[in-house]
Amino acid sequence: MTIVNMLFGIILLLLGRKFFWLFVGIVGFIAGFSLANRFLGDQAQWVQILVAVIAGVIGAGLAVLLQRVAIAIAGFLAGGNFLIGFLATAGFQLGGSDWLPFLIGGILGAILSVVLFDWALIILSSLTGANLIVQALDTTGQTGLIILIVLVIIGIVIQAGIWRRERSASPVT
């Protein structure tokens, strides 16, 4: 999963808003894999990956058909996953009580994604991408937090620049 996390992380960090359907699909895959690992941990790895792929495909399909609903769901999942990853990187031991930070981060991510659609995509995909990269690098503590913050800033700056160029290039109607 390390290479997959790194690849997904880079894609989300740099292109999450531009390819929002892919962002939703990747977040669906991550959530599906996490849930499959938790509830189907005794099953073969391919079963867990299959569940994750199905969740990712459903997420990408929703993103194409129901853009606002899909981004709210992705915002919820991304916000929840980010807060758990952030707390783990910061050294907090959540144990079995990781559902509460997931719920809090999820609600904040969903609200952010609905209210500020483009900025939400930029911020949430940068946060999620940076988190995946830090997990793939297996860094925690102060070093992990510094890398996480730097990557988030890089992702936001790059994606905002792409978005700005797209807006200035499109004709005003």
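The values are calculated or read from the model by the stated rules, or taken from the named source; none is laboratory data. Just so it is clear, the structure is predicted and the values come from calculations on it, not from any experiment. We place every Cβ from the backbone using ideal geometry, glycine too, and count neighbours over all the protein chains shown.
Could you tell me whether segment 98-107 includes any residue that is of a type in the set (Val, Ile, Thr), surrounded by fewer than 18 Cβ atoms within 10 Å (Cβ to Cβ) and farther than 26 Å from Arg165 by Cβ? Show your work before the answer.
Here is the first cut: in segment 98-107, the ones of a type in the set (Val, Ile, Thr) are 104, 107.
Next, from what is left, pick out any that are surrounded by fewer than 18 Cβ atoms within 10 Å (Cβ to Cβ): 104, 107.
Restricting the remaining residues to those that are farther than 26 Å from Arg165 by Cβ gives 104, 107.
Yes.
Does segment 124-132 contain at least one residue that is of a type in the set (A, V, I, L, M) and out of contact with any helix residue (DSSP H, G or I) (no Cβ under 7 Å at 6 or more places or on another chain)?
Applying the first criterion (of a type in the set (A, V, I, L, M)) to segment 124-132 yields 124, 127, 130, 132.
From what is left, the residues that are out of contact with any helix residue (DSSP H, G or I) (no Cβ under 7 Å at 6 or more places or on another chain) are none.
No, that holds for no residue.
Quick check, is Trp21 closer than 27 Å to Asp118 by Cβ, surrounded by fewer than 22 Cβ atoms within 10 Å (Cβ to Cβ) and aromatic (Phe, Trp, Tyr)? Please lay out each step first, then the result.
Working: closer than 27 Å to Asp118 by Cβ: yes; surrounded by fewer than 22 Cβ atoms within 10 Å (Cβ to Cβ): yes; aromatic (Phe, Trp, Tyr): yes.
Considered against the rule, which asks whether it is closer than 27 Å to Asp118 by Cβ, surrounded by fewer than 22 Cβ atoms within 10 Å (Cβ to Cβ) and aromatic (Phe, Trp, Tyr), Trp21 comes out as yes.
Could you list, in sequence order, the residues of segment 32-80 that are surrounded by fewer than 17 Cβ atoms within 10 Å (Cβ to Cβ), within 22 Å of Gly109 (Cβ to Cβ) and small (Gly, Ala, Ser)?
Gly61
Given Gly96, Gly105, which one is among the small types (Gly, Ala, Ser), modelled with pLDDT of 90 or more and more than 23 Å from Ile3 (Cα to Cα)? Show your work before the answer.
Values: Gly96 fails: modelled with pLDDT of 90 or more.
Result of the check over Gly96, Gly105: Gly105.
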